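Student: A single structure is presented below for examination.
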Amino acid sequence: VIVLIDKFVVDSEINSSLGTGGLHALFNCLAVAAISLYLRGFTFSLYLLAAGALLGGLYVLANLFWFSGVGSEDVSRFAPVLSFDAVFIAILSFIFLQETFSAAVYGGIVLTVLGCILISLEDPLRSLSKMKSKWGLVAALSSAFVYSVREVIFKYISSGVEIWSLLFYFGTTGMAFS
């Protein structure tokens with residue numbers, strides 16, 4: 001449902017997909033900053049400020065990819081590609097966090113990839129030529145990848161730090177980047 005609302009807003013309400021992505025990120029980051037400040041306040045730390053800025057910047061970048069892509073392609077072809085984030089997270093977690101998975105998880109990753117291809121392309125051998133814009137596919141994959149990088153970095157950074165302060169800095173710097 002959210003994807004359809006995003007598509008409607010980009011297509012009919014706001015002519016700038018970058019403006020829509022920036023506004024979306026701005027309001028989400030404002031909510032995160034306000035909730036974290038209300039629940040715990042924040043502790044000043046240059047490390048948390050830098051980490052929050054990195055996470056906020058990645059979030060805004062992923063939103064910009066998302067909204068520029070959803071405005072250029074059919075939602076039914078665009079949205080399933082975002083499921084690749086699970087694949088990217090698994091690969092990045094394996095490489096950078098030394099996480100290992102069972103054979104069932106690796107099988108699930110393969111099924112996710114096949115499902116994304118089959119849903120997004122209907123007829124994979126002919127559908128790429130039917131896409132309105134190759135940018136839509138690139139933007140969807142880029143958005144999924146950037147979201148995944150942000151999640152893996154968040155897991156790495158959040159070990160042993162005040163999580164609410166990190167979220168506060170993520171929210172405030174994300175607003176600034178928006």
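Student: Where the only charges are on Cβ atoms (+1 Lys, Arg; -1 Asp, Glu), what is the dipole of the range 40-178 about its Cα centre, to the nearest 20 debye?
Tutor: With only Lys, Arg, Asp and Glu charged at Cβ, the dipole is about 200 debye.
Student: Give me, ordered by chain and number, the residues 5 or more places off Thr43 or on other chains with an amide H under 5 Å from its own placed amide H.
Tutor: The answer is Ser165.
Student: Here's a follow-up. Tabulate in residue order the Karplus-calculated ³J(HN,Hα) for the range 149-155, using 6.51 cos²θ - 1.76 cosθ + 1.60 with θ = phi - 60°, rounded to whole Hz; enter x for Gly and Pro.
Tutor: My calculation for the range 149-155 gives 4, 4, 5, 5, 5, 4, 4 Hz in order.
Student: Another question, then. Rank-order 102-115, 147-160 by packing density, defined as the average count of other C-beta atoms within 10 Å over each peptide's residues, highest first.
Tutor: Per-residue Cβ counts within 10 Å, averaged per peptide and sorted highest first, yield 147-160, 102-115.
Student: Ok, one more. Identify the residues of the range 152-175 with backbone N under 18 Å of a label point that sits 7 angstrom from the Cα of Tyr47 along the Cα-to-Cβ direction, or state none.
Tutor: Within reach of a label on Tyr47: 153-170.
Student: Each label point is 7 Å from the Cα along the Cα-to-Cβ direction; what then is the distance between the points at Ser159 and Lys134, in nm?
Tutor: 4.0
Student: Leaving ligands and nucleic acids out of the surface, order Trp135, Trp66, Trp164 by accessible area at 1.4 Å, largest first.
Tutor: Trp135, Trp164, Trp66
Student: Per-residue HN-Hα couplings for the range 63-79, Karplus 6.51 cos²θ - 1.76 cosθ + 1.60 at θ = phi - 60°, whole Hz, x for Gly and Pro?
Tutor: 5, 5, 4, 4, 6, 6, x, 5, x, 10, 9, 5, 4, 5, 9, 7, 4
The values are calculated or read from the model by the stated rules, or taken from the named source; none is laboratory data. Since we're looking at a predicted model, the values are computed, not measured. All Cβ positions, glycine included, derive from the backbone under ideal geometry; neighbour counts span all protein chains shown. Only protein heavy atoms, including side chains, enter the accessible area calculation; ligands, DNA and RNA are left aside. Shrake-Rupley method; radii C 1.70, N 1.55, O 1.52, S 1.80 Å.
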